[in-house]
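K.L.:
Structure incoming, see below.
What follows is calculated from the coordinates using simple rules that are stated; it is not laboratory data. These numbers come from a predicted model, not from an experiment. FYI the Cβ positions are ideal-geometry reconstructions off the backbone, even for glycines, and counts take in every protein chain you see.
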Amino acid sequence: MKRFFRDQAKRVLTRVMRRSGLEIHAIPPLPAAYEGIPDAAYYTNSTSNDPHFSPWELGGYGDFREYLDDISPYTLVSPDRCHVLYSLGLQALQTLEGQFFECGVYRGGTAMLLARLVHRKRRSPDVRLHLFDTFVGMPETDHGIDLHRKGDFDDTSLESVRARIGAPDTVTFYPGRIPETFSGLQSVAIGFAHVDVDIRDSVKACCEFIYPRLQSGGFLVFDDYGFPSCPGARQAVDRYFRDKREVPLVLPTGQAVVFRK
Ligand SMILES: C[S@@+](CC[C@H](N)C(=O)[O-])C[C@H]1O[C@@H](n2cnc3c(N)ncnc32)[C@H](O)[C@@H]1O
């Protein structure tokens, strides 16, 4: 009897939701082999019928939790994208001795993650994180392709970001407009770069400066590649890599990653 009423209730609910354009799918239980493992809760994905290990969920898995705790209030970058930065940054530190670049710092969230990673995991004190931003908002944008406008992201400052990140032995700031702020760094070797500047001319300038200096085995991560709010960023990457050997790997997070040959 109980079961009859439960099934009826289910049917009515499903009908009402369908009428409102919604669908219900049951998330299948984890296979028995996963029962009892300490991190089973991370095999979840509310948008999929196919659970998979998601170490950026539930506040972060393992070491990553500590990084995420610190930076979350100061970044626009979602935990899954931060996990990409964490993993590739760690590999660059374990295999290369190139410099770390971040172009597009805003309030300093992802820069904090990278600064902590470099500080803790670098194998040589010469490896530093170089941070590039106007720190007063977007420069002029191209209204033909970019959706952002001059002055977006102006609720920040160099002083506040510097104080937030700390680590003066690890981090160098280059306030001002890219590409002018790259001057003097022509001979640098780069192991990892995060480009999060959102607009076409800025992404193009980053590609032109960073790619030729990226070490073999190094990574170039574009944050905005797949986002409808940043069509200029995608155009700049597509045009720049048209005649290169590397194929940018587009991720479901919206990022694209270049693995330097
Ligand atoms: C989306 S925000 C960066 C977000 C940041 N990574 C985070 O963790 O939230 C984009 C930043 O790119 C900067 N930017 C864009 N073009 C630039 C340029 N040509 N020179 C310097 N900064 C630029 C803007 O000032 C803005 O702070």
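K.L.:
What is the total of Lys pairs in the chain with C-alpha atoms under 26 Å apart, excluding same-chain pairs fewer than 8 positions apart? Let's see the in-between values first.
P.N.:
Working: Lys2/Lys10; Lys121/Lys261; Lys150/Lys204; Lys204/Lys244; Lys204/Lys261; Lys244/Lys261.
Value for the chain: 6.
K.L.:
Next question, about the same structure. To the nearest 20 debye, what is the magnitude of the charge dipole of the chain about its Cα centre, counting +1 on the Cβ of each Lys and Arg and -1 on the Cβ of each Asp and Glu? Numbers along the way, then the final one.
P.N.:
Working: 32 positive and 33 negative charges, 194 e Å.
Here the size comes out at about 940 debye.
K.L.:
Want the number for Asp152 to Phe227: 0.36 nm per residue separation, take away the alpha-carbon distance, what's left?
P.N.:
Numbers: separation 75, 0.36 × 75 = 27.00 nm, distance 1.66 nm.
Full extension of this stretch gives 25.3 nm more.
K.L.:
With only Lys, Arg, Asp and Glu charged, each at its Cβ (+1 for the first two, -1 for the last two), find how big the charge dipole of segment 117-181 is about the Cα centre; round to the nearest 20 debye. If you can, show how the numbers build up before the last one.
P.N.:
Working: 10 positive and 11 negative charges, 118 e Å.
In total the dipole reaches around 560 debye.
K.L.:
What does the net charge come to around Glu57 if you take all other residues with beta carbon closer than 12 Å to its beta carbon, with K and R at +1 and D and E at -1?
P.N.:
Computed value for this residue: -1.
K.L.:
7 Å from Cα along Cα→Cβ at both Ser187 and Arg242: what's the point-to-point distance in nm?
P.N.:
Reported label-point gap for Ser187 and Arg242 is 3.5 nm.
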